[in-house]
Amino acid sequence: MLRHIIFGAMLAGSVQLSAQAVVLGNQQSQQLVQQGITLLSSGQMKEARGKFEQASEADPVASNPVSALSLLYYVVSNEKSLTAEQHKDARSASQGLAARAIALDANDPLAQEVMRKLADAGQLETALLMLQYKEAYRPELEAWKTAHPDGVRKFINVYHLMP
């Protein structure tokens, strides 16, 4: 599963469409993200995190470095050696970073994939709310909103979102 996510991240970083300019960022940012993905795929988490943070600094409006950090925390959250608290913290960081990446660009494919993985892992509420921009997830979002009438308000309050 990890290989599929990392392969998807590598593909997402290699697509050169003008509509994805904000997703990918400038050349320096793209190179740093690719270096980080390589480090992540070889298990060098701290070094990968550093590359993703440098990439974010190189282009603060690019969503790809932020979604790559989200992926890193998602991968870390699956480590068997984590305590329950560490697992929760890593998932929370992954979720927050994916939400931030989607706020930068709602079409960020890596952030969307991390949100899908979080939804599969039982964090459906937040993932559905953040994926509301994707029409394929509209039925799940509407079903969740019906089942949780105060869910949107709680989500807004928890994450301090304002229009």
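The values are calculated or read from the model by the stated rules, or taken from the named source; none is laboratory data. None of these values were measured; they are calculated from a predicted model. Reconstructed Cβ throughout: ideal geometry from the backbone, glycine too, with neighbour counts over all protein chains shown. The accessibility values were calculated without ligands, DNA or RNA, using every heavy atom of the protein model including side chains. Shrake-Rupley method; radii C 1.70, N 1.55, O 1.52, S 1.80 Å.
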Fill in the blank from the handout: When (1) assigned to a helix (DSSP H, G or I); (2) crowded, with 20+ Cβ neighbours inside 10 Å are applied to A62, the one that fails is (1)
Practice task
For the stretch 104-163, enumerate the residues that are modelled with pLDDT of 75 or more, open to solvent by 50 Å² or more (accessible area, probe 1.4 Å) and either touching a strand residue (DSSP E or B) at 6+ places or on another chain (Cβ under 6 Å) or acidic (D, E) (or both).
Solution key: E113, D150
Fill in the blank from the handout: E57 fails exactly one of (1) closer than 20 Å to L24 by Cα; (2) assigned to a helix (DSSP H, G or I); (3) under 14 Å from the mean Cα position of the chain (by Cα); (4) modelled with pLDDT of 90 or more, namely (3)
Fill in the blank from the handout: Scanning the stretch 65-103 for residues that are surrounded by fewer than 21 Cβ atoms within 10 Å (Cβ to Cβ) and either of a type in the set (V, I, T) or at positive phi (or both) gives V76, T83
